[in-house]
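Peer 1: Please read through the structure below; I'll follow up with questions.
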Amino acid sequence: MPIYEYAPLDGPGCALCCYGFERLQRVSEPALTHCPACGGAVRRVLGAPQVVTGQAHVLKEKHIARHGFTQYRRVGKGQYEKTAGKGPDTISGD
């Protein structure tokens, strides 16, 4: 669900909408036309999208093991060996 930003249309508004506010809404929900606190007119404004970069480290073995996960690598048909974390050294489909 995206987070939408709203700004007041008329005057300063209440403490919630005077500087604008954010609302977590489903894409299928219609845009708000009034402030939920004071009933003043509001409009949806375009916000900057969140772009995640530089997150290659989150999939490294050390990071995975530190957070309590186990990672396996396929070594053959139905056979996997552990590369990080706690758990059995190998998993076999047999």
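Peer 1: Counting Lys and Arg as +1 and Asp and Glu as -1, what is the net charge of the other residues whose Cβ lies under 13 Å from the Cβ of Arg43?
Peer 2: 0
Peer 1: If you don't mind, there's one more thing I want to ask. Give the residue from Thr83, Gln25, Thr53 lying farthest towards the positive end of the charge dipole for the chain; charges sit on Cβ (+1 for Lys and Arg, -1 for Asp and Glu) and the dipole is referred to the Cα centre.
Peer 2: Sorting the options by dipole projection puts first Thr83.
Peer 1: Related question: Please flag any cysteine in the chain that has no other cysteine's Cβ under 4.7 angstrom from its own Cβ.
Peer 2: Unpaired cysteines in the chain: Cys18.
Peer 1: Here is a further query. If contacts are Cα pairs under 8 angstrom and at least 6 residues apart, what is the relative contact order of the range 41-94 in percent?
Peer 2: After rounding, I find 24 percent.
Peer 1: Which value, in debye to the nearest 20, describes the size of the charge dipole of the chain about its Cα centre when Lys and Arg Cβ atoms bear +1, Asp and Glu Cβ atoms bear -1, and nothing else is charged?
Peer 2: Dipole magnitude for the chain comes out near 400 debye.
Peer 1: Once you keep just the Cα pairs under 8 angstrom separated by 6 or more residues, what percentage relative contact order results for the range 1-47?
Peer 2: Computed over the range 1-47, the figure is 48 percent.
Each reported figure results from applying straightforward, stated rules to the coordinates on display, with no laboratory input. Since this is a predicted model, take the numbers as computed values, not measurements. Here the Cβ is made from the backbone with ideal geometry for all residues, glycine too, and neighbour counts use every protein chain on show.
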